[in-house]
Amino acid sequence: MRTDYPLAIVIPAYKSAHLRKVLESISEQACRDFQLYVGDDASKEKIGNIVQEFSGELPIQYHRFEKNMGGVSLVKQWERCIQMSHEPWVWLFSDDDLMDDNCVEKFYQELKITEGHHDLYRFNTTSIDGEGRLLSKNPPHPQNETGADFLVARLRGGRTSTAQELIFSRGAWESIGGFPDFPLAWASDDAFIATLGSRKPIRTIPGPCLGWRLSGRNISSDNSFA
């Protein structure tokens, strides 16, 4: 099993309800040049058992943390999961969203086209329900966007944005001290995007989308996360 691919897909995991579907969507990637990391946030659910089902199919490294961190700081949970990895590009995914089967392939194509001149790449998104059914196609991002223009669009309510749609440079993440640690991580991703976008334009990967799940159980639709 190779561990020298430039892309790390990192999943901070706490809930198991949709995790199997998440891993299935990753296993269906046309390009398998990535290393997958799953950081179990001391969950009471059987995260490890689900991950084990894919151990022969995907290049997975699994670690169970003995202390729950997400109930105190989601950002700190993200950080310790990212620190499990070492690859130069990081896709901080989730335990309930889905990716189209050509996301990884298109990322590498865009990286080559742009010669890696961006710190932050992102996918457009759709919203899906708890069963994975399409609810809406979210407003598309421009191909290139500054951090300031992104903030204006967000503050005007013209576009959605999620941490899971982002692939970012590890060096850039380290240089700005990671995601700002806001309560429940609300707007932490927005501040992170705006900060990186103030240095180099944010680049949208054309074509594939991320399916952002609004199930009533995730932090996006339920702020009782613990």
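The values are calculated or read from the model by the stated rules, or taken from the named source; none is laboratory data. If you're wondering where the values come from, they're calculated on a predicted model, not measured in any experiment. Cβ atoms come from the backbone with ideal geometry, glycine included; neighbour counts cover every protein chain shown. These area figures cover heavy atoms from the full protein model, side chains too; ligands, DNA and RNA do not enter into them. Shrake-Rupley method; radii C 1.70, N 1.55, O 1.52, S 1.80 Å.
Below is a table of values for the structure above.
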{"quantity": "Calculated Rg and Dmax of segment 103-212 using C-alpha coordinates, Å", "calculated": "13.7, 39"}
{"quantity": "Helix-only mean residue ellipticity at 222 nm for the chain, each DSSP H run of n ≥ 4 adding -39500 (n - 2.57), per residue, nearest 500", "calculated": "-7500 deg cm²/dmol"}
{"quantity": "For segment 46-92 and segment 124-186, distance of Cα centres in Å", "calculated": "20 Å"}
{"quantity": "The chain - share of DSSP beta bridges that are antiparallel (%, nearest 5)", "calculated": "35 percent"}
{"quantity": "Sequence-distant residues sharing a close amide H with Arg64 (under 5 Å, placed H)", "calculated": "Asp40"}
{"quantity": "Size of the chain as Cα extents on the principal axes (Å, biggest first)", "calculated": "43, 39, 36"}
{"quantity": "Most mobile of Asn102, Asn144, Asn49 in a GNM of the chain (Cα contacts under 10 Å)", "calculated": "Asn49"}
{"quantity": "Net charge dipole size for segment 1-49 [Lys, Arg +1 and Asp, Glu -1 on Cβ; Debye, nearest 20]", "calculated": "180 debye"}
{"quantity": "In segment 1-79, trypsin sites (Lys or Arg not before Pro) in a DSSP loop with at most 10 other beta-carbon atoms within 10 Å", "calculated": "Arg2, Lys44, Lys67"}
{"quantity": "Net dipole in debye of the chain [+1 Lys, Arg Cβ; -1 Asp, Glu Cβ; about Cα centre; nearest 20]", "calculated": "340 debye"}
{"quantity": "Among 35-42, 133-140, 190-197, 22-29, the order from most to least packed when residues are scored by Cβ within 10 Å on average", "calculated": "35-42, 190-197, 22-29, 133-140"}
{"quantity": "Percent carbon-and-sulfur accessible area, segment 1-113, ignoring ligands, DNA and RNA, probe 1.4 Å", "calculated": "47 percent"}
{"quantity": "Flagged links, alpha-carbon separation over 23 Å, of Lys15/Lys106; Lys46/Lys106; Lys76/Lys106; Lys46/Lys67", "calculated": "Lys15/Lys106; Lys46/Lys106; Lys76/Lys106"}
{"quantity": "Heavy-atom surface of the chain, accessible at 1.4 Å and reported per residue (Å²)", "calculated": "45 Å²"}
